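Q: Take this structure first; my questions come after.
What follows is calculated from the coordinates using simple rules that are stated; it is not laboratory data. Being a predicted model, the structure only gives us computed values, none of them experimental.
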């Protein structure tokens, strides 16, 4: 097996383990009823046929709807650096009609994430949290 195929195989195995391994009985995936579609559950070949090869070594599988199942309609390859934005713990913030995770807004406006987070936690508006002053 080629190097990337091994990594894709590991991702496929881990995806199934998150949903079905006995050690995960209290995990989010089982609690939320997240499953692997029948087409993928028992066939690595079907998984690769539907997903294609990973575009690069630093990619992982992403469920577009975090509460949805692992299936062709709900999954894509995504860079690991972007994957953390689609977690249950991500704070999505809308400013001027654009929604981004708070960490991205903090980078854009040059403010520490913990500072902005604490300001929001204490009831500040997004503008106040990011130190945005309108002229």
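Q: Going by the alpha-carbon gyration tensor, a ≥ b ≥ c the square roots of its eigenvalues, is the chain rounded (a/c under 1.5) or, if a/c is not under 1.5, prolate (a/b greater than b/c) versus oblate? Walk me through the intermediate numbers first.
A: Numbers: a/c = 2.93, a/b = 2.07, b/c = 1.41.
Here the chain falls in the prolate category.
Q: As I understand it, the value is the acute angle between the Cα axis of helix 3-20 and the longest principal axis of the Cα atoms of the chain; what does it come to in degrees, rounded to 10?
A: Once rounded, one gets 80 degrees.
Q: For segment 3-83, what class follows from the C-alpha gyration tensor (a ≥ b ≥ c being the square roots of its eigenvalues): rounded when a/c is under 1.5, otherwise prolate if a/b is larger than b/c, else oblate?
A: On the way: a/c = 1.59, a/b = 1.42, b/c = 1.13.
Prolate, since a/c reaches 1.5 and a/b exceeds b/c.
Q: What does the helix-only formula give at 222 nm for the chain: each DSSP H stretch with n ≥ 4 adding -39500 (n - 2.57), the total divided by the residues, and the result rounded to the nearest 500 deg cm²/dmol? Walk me through the numbers before you get to the answer.
A: On the way: 8 runs with 60 residues, N = 135.
Result for the chain: -11500 deg cm²/dmol, rounded to the nearest 500.
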